[in-house]
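The values are calculated or read from the model by the stated rules, or taken from the named source; none is laboratory data. Since the structure is predicted, the reported quantities are computational estimates derived from the model, not experimental observations. Ideal geometry is used to build each Cβ from the backbone, glycine not excepted, and the neighbour counts take in all protein chains shown.
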Amino acid sequence: MGKKQNSTREVVLRTIKSANGATVEVLAEAAGVSPVTVRHHVNGLLADGLIEADSVRRKVGRPYHVYFLSEEGQELFPKKYFALSNRLLEELKERFSAEVVNDLFQSLVQKIIDEHRHEFEHLDFEERLNYLMRLLADEGFLARWEHSGAGYRITEYSCPFLNMGQQHSEICTLDTALIQAVLGTEIEQHSCMLNGDDCCQFELLPNAAHMPNKATIALPEVLVQ
């Protein structure tokens, strides 16, 4: 039984780390246990100072909590991958023109889309939204969508590239490119965590909130500064 508890605790920590923040429901699904069991581990991790909680307010209903690694919790994981990725990106930008680096970014997003296209191209618009939330979660984002007065709104509460984006802001266009490619629609961004906002929020343009056909699905340009 102790082994199971340790295993669940490790899954909870790794899930929070990979998603840069997660709810009890997300943690329960990742660990394959009930939310009640996850809350037990979450309370233990809070008591140990390894995670912190942030309250997210809804327009309707009670707020919910998103859990993040504390500074002490971050120290459980090696940080060399960030330094390596950052250096590789710096090297690319020094050796190649902005156009070439842009092509590399666009190729990366294209490969992700091509890998998953068969899973979403037959879905209607709101089904695509649900699929997009799962795809973003797989890439390390914590995101939700909701109806807005103009159509639809997507809110990202965490971003796995936030630290790197502080030095290379162009990397923050990757999620935007994924959103546009899956939904086949243009979007407007109204807030950005890179600018100090609590979340990244996108509005789908009113005349674009419709079911795109296969011919209109195009990959948007990822601009490199």
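Before moving on, here are some points about what is shown:
- Every test in (1) surrounded by 15 or more Cβ atoms within 10 Å (Cβ to Cβ); (2) not in a helix (DSSP H, G or I) is passed by Val38 save one, and that test is (2).
- Ala150 being out of contact with any Ser or Thr (no Cβ under 9 Å at 6 or more places or on another chain) and buried (at least 21 other Cβ atoms within 10 Å of the Cβ): no
- One residue stands out in region 153-186 among those that are out of contact with any helix residue (DSSP H, G or I) (no Cβ under 8 Å at 6 or more places or on another chain) and part of a helix (DSSP H, G or I): the one that is surrounded by the most Cβ atoms within 10 Å (Cβ to Cβ), namely Gln180.
- Condition met for Phe105 (at pLDDT below 85, touching an Asp or Glu at 6+ places or on another chain (Cβ under 6 Å), in the same structural domain as Leu204 (by TED's automatic domain parsing) and of a type in the set (A, V, I, L, M, F, W, C)): no
- Failed condition for Ser55, given (1) of a type in the set (S, T, N, Q); (2) in a helix (DSSP H, G or I); (3) modelled with pLDDT under 90: (2)
- When region 18-30 is filtered for residues that are in a helix (DSSP H, G or I), of a type in the set (A, V, I, L, M, F, W, C) and touching a residue at least 24 places away in the same chain (Cβ under 8 Å), the ones remaining, listed by number, are Ala19, Val24, Val26, Leu27.
- Among (1) basic (Lys, Arg); (2) under 25 Å from Cys199 (Cβ atoms); (3) outside the structural domain of Thr15 (by TED's automatic domain parsing), the one test that Lys93 misses: (2)
- Test: residue in region 120-141 that is modelled with pLDDT under 85, of a type in the set (Gly, Ala, Ser) and assigned to a helix (DSSP H, G or I): yes
- Single match in Leu69, Leu76, Leu88, Leu50 (criterion: surrounded by 14 or more Cβ atoms within 10 Å (Cβ to Cβ) and either over 17 Å from Cys159 (Cα atoms) or assigned by TED's automatic domain parsing to the domain that holds Ser169 (or both)): Leu50
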